[in-house]
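All remarks here apply to the structure that follows.
The values are calculated or read from the model by the stated rules, or taken from the named source; none is laboratory data. Since we're looking at a predicted model, the values are computed, not measured. Cβ placement follows ideal geometry from the backbone for every residue including glycine, while neighbour counts extend to all protein chains displayed.
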Amino acid sequence: MRITTLFTAAAGTAILGLAATSAPGKFLNPKAWIPPRAHHVRLAGGEATAPLPLPATPQRRSEHHRQPAPPALIGMMDLNVIQGHRVVNYPTEIIDIETLMRWTNAQLGLHYRYVQVDPARFSYNPTQLPVLYLTGWTPLPKFSAAVMARLRGYILAGGTLLINASCGRPEFNDSVITLVHALFPDHPFAPLPLDDPLFHNLNQITSLRVRQGAGAWKQMPPYLEAMYIGCRAGIIFSPVDLSWGWSAAKRPIPGGILYAQSDALRLGANILTYVLANFQYGRAFPIQNIYQQAHRPTRDQLVIAQIINNGDWNPTPHGLPRLLKFINQNTTLSVQFKRATVTLDHLRAGMYPLLYMTGLRNFAWTSTEIANLHNYLHAGGVLLADDAMGAAAFDTAFRSQLKRVLPHHELKMVPLDSPLYHDVFPLKHVEFSPVVASAAPDLHRPVLQAIFIDGAPAVIYSGRISLSNGWEDLPNPYAKAYATKDSLQLGANILVYALTH
């Protein structure tokens, strides 16, 4: 069961080995029997009347009026659905999301609310509700094909699906994995790295307290699983109960696995902050750039192949087409561009003059892929690699895998007098995204690394500061990247230099 090993991915070693043990159908969730809070009301005075002897009508009467509703941020999916003439009562609770909304509003000085959503009738428009929330402790019901299609479209259009395992129940967790894989079979669904902004944007979270039943509290690194759309987590899942509305310290739940309430609230506020910050990026991302020259016949066509790996291999799909368009409009390189995709196990030396790769997560190459890439680079091919978002997980994996490809070569910093910085555009001084500028205010030079074989560039790498996020020019608030103008000019320098040397 996945929950028994989910803690190993966050820190690389087994920190906890927890598993709820009671049989499905016999578990009783005490949080389920807590009713929602009543809506706040305010009193408004009625008109005055002439004094009359008691027991006549009072001089003033009061009437109840609802306060104006604040904007809705989260829609809690109501899975009590009607199938034919049979009502399927799916057990759930609202105490957690209710408490999280109050606490986050107080932290951020905002005034949002949650609403309940009928999956069969909801518009699935992220501008109406940026977050859809799922929770439960029994297996999820099977969604219809129509609901699945609309939910998939909602996430692709910028919405976020937030899923919390009530009491950390394994039968619920298994059904979530099935749901996500059915929604996006080609997208990895895996733990978030510890440097992800979800753990650091509002509250710095380096550890969480967790307990199983009435057992001792244990410390663990923060843990969430996610599925990315581009560079944004479109599905966020906690297999351990984010007990926002329940104090496991005072009221442990037998058969449950819960985070400490205060820790869970801080992480929950981070999640909502992340969604709000990424909303414009999520809405802009579906606007696709296309390779307009890809189908035009020409004798001078340059094919750049993007490497597919077993991680998130295409988090910045708009980046390369924008760079190629920029080169076509601003340089004398008279070729038409086309992008292909390639797996290294089918790579042959000489197939493509340049390989491009990027990513967000950990990945690994097979021995066949290692051998093919080694032969390609020694035959004069060039690999341009970019660390999307400046992600530590990809950077660590790339350096490790490249060492297997070229064990006798080291990535070295490209000096400022290199033609890579001067071939087309002179770039001694560059600007960066706000995240980089804030972390390194004195950094104003490009920081590429490279491996040269026989004097020619074999590998050119932008690690921990992304080129492709700058090429995309999307409102990505957490990207560690070059500014758009400098990233495009630097990318043009790299491609022109690599293809002419």
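Points to keep in mind about this one:
- Selection from the stretch 170-186 of residues that are closer than 22 Å to residue 311 by Cα, assigned to a helix (DSSP H, G or I) and either outside the structural domain of residue 235 (by TED's automatic domain parsing) or of a type in the set (Asp, Glu) (or both): 174
- Scanning the stretch 314-345 for residues that are touching a helix residue (DSSP H, G or I) at 6+ places or on another chain (Cβ under 7 Å), modelled with pLDDT under 85 and either β-branched (Val, Ile, Thr) or farther than 23 Å from residue 229 by Cβ (or both) yields 331, 333, 337.
- Qualifying residue in the stretch 253-262 (condition: crowded, with 19+ Cβ neighbours inside 10 Å, in contact (Cβ under 8 Å) with a residue 12 or more places away in the chain and part of a helix (DSSP H, G or I)): yes
- Applying the set (1) part of a loop (DSSP other than H, G, I, E, B); (2) at pLDDT below 95; (3) farther than 20 Å from residue 391 by Cα to residue 194 leaves exactly one unmet item: (3).
- The C-beta contact set for the stretch 400-414 (first residue under 14 Å from residue 363 (Cβ atoms) and assigned by TED's automatic domain parsing to the domain that holds residue 446, second residue at pLDDT 95 or above and in a loop (DSSP other than H, G, I, E, B), distance under 6 angstrom, 6+ apart or interchain) comprises 401/365.
- Going through (1) closer than 27 Å to residue 287 by Cβ; (2) among the hydrophobic types (A, V, I, L, M, F, W, C); (3) assigned to a helix (DSSP H, G or I) one by one, residue 167 falls short only on (1).
- Residue list for the stretch 420-440, filter: under 16 Å from residue 488 (Cα atoms) and not in a loop (DSSP other than H, G, I, E, B): 420, 421, 432
- The set of residues in the stretch 384-424 that are more than 24 Å from the chain's Cα centre (by Cα) and of a type in the set (Phe, Trp, Tyr) contains only 421.
- Residue check for residue 479: over 29 Å from residue 376 (Cβ atoms) and out of contact with any helix residue (DSSP H, G or I) (no Cβ under 9 Å at 6 or more places or on another chain): no
- Looking across 131, 115, one residue alone is in contact with a helix residue (DSSP H, G or I) (Cβ under 9 Å, 6 or more places away or on another chain), β-branched (Val, Ile, Thr), modelled with pLDDT of 90 or more and in the same structural domain as residue 267 (by TED's automatic domain parsing). It is 131.
- The requirement of being of a type in the set (Asp, Glu) and touching a Pro at 6+ places or on another chain (Cβ under 9 Å) is fulfilled nowhere in the stretch 114-126; no residue meets it.
- Residue selection: residue 348 fails the criterion of being on the phi < 0 side of the Ramachandran plot and within 30 Å of the chain's Cα centre (by Cα).
- Looking only at residues in the stretch 273-301 that are modelled with pLDDT of 75 or more and hydrophobic (A, V, I, L, M, F, W, C), the one that is nearest to the chain's Cα centre (by Cα) is 275.
- Residue in the stretch 187-199 that is assigned by TED's automatic domain parsing to the domain that holds residue 98, more than 13 Å from the chain's Cα centre (by Cα) and surrounded by fewer than 22 Cβ atoms within 10 Å (Cβ to Cβ) present: no
- In the stretch 105-131, residue farthest from residue 153 (Cα to Cα) [restricted to those that are in contact with a Ser or Thr (Cβ under 8 Å, 6 or more places away or on another chain) and not in a loop (DSSP other than H, G, I, E, B)]: 108
- Of all residues in the stretch 134-152, those satisfying the criterion of being in a helix (DSSP H, G or I) and basic (Lys, Arg) are 150, 152.
- Listed by first and then second residue, the pairs linking a residue in the stretch 144-169 that is assigned by TED's automatic domain parsing to the domain that holds residue 238 to a residue that is of a type in the set (D, E, K, R) and part of a loop (DSSP other than H, G, I, E, B), with Cβ atoms under 9 Å apart and 6 or more places separating them unless they lie on different chains, are 166/93.
- Flag if residue 358 is at pLDDT 90 or above, surrounded by 15 or more Cβ atoms within 10 Å (Cβ to Cβ), over 18 Å from residue 498 (Cβ atoms) and among the β-branched types (Val, Ile, Thr): no
- Residue 375 vs. criteria surrounded by 17 or more Cβ atoms within 10 Å (Cβ to Cβ) and without any contact (Cβ under 8 Å) to a residue 60 or more places away in the chain: no
- Of the criteria (1) surrounded by fewer than 20 Cβ atoms within 10 Å (Cβ to Cβ); (2) of a type outside the set (Val, Ile, Thr); (3) in contact with a Pro (Cβ under 9 Å, 6 or more places away or on another chain), which one residue 438 fails: (3)
- In the stretch 459-491, residue farthest from the chain's Cα centre (by Cα) [restricted to those that are surrounded by fewer than 21 Cβ atoms within 10 Å (Cβ to Cβ) and of a type in the set (Gly, Ala, Ser)]: 483
- If you filter the stretch 134-165 down to residues that are surrounded by 18 or more Cβ atoms within 10 Å (Cβ to Cβ), farther than 24 Å from residue 264 by Cβ and among the hydrophobic types (A, V, I, L, M, F, W, C), you find that the one that is modelled with the highest pLDDT is 151.
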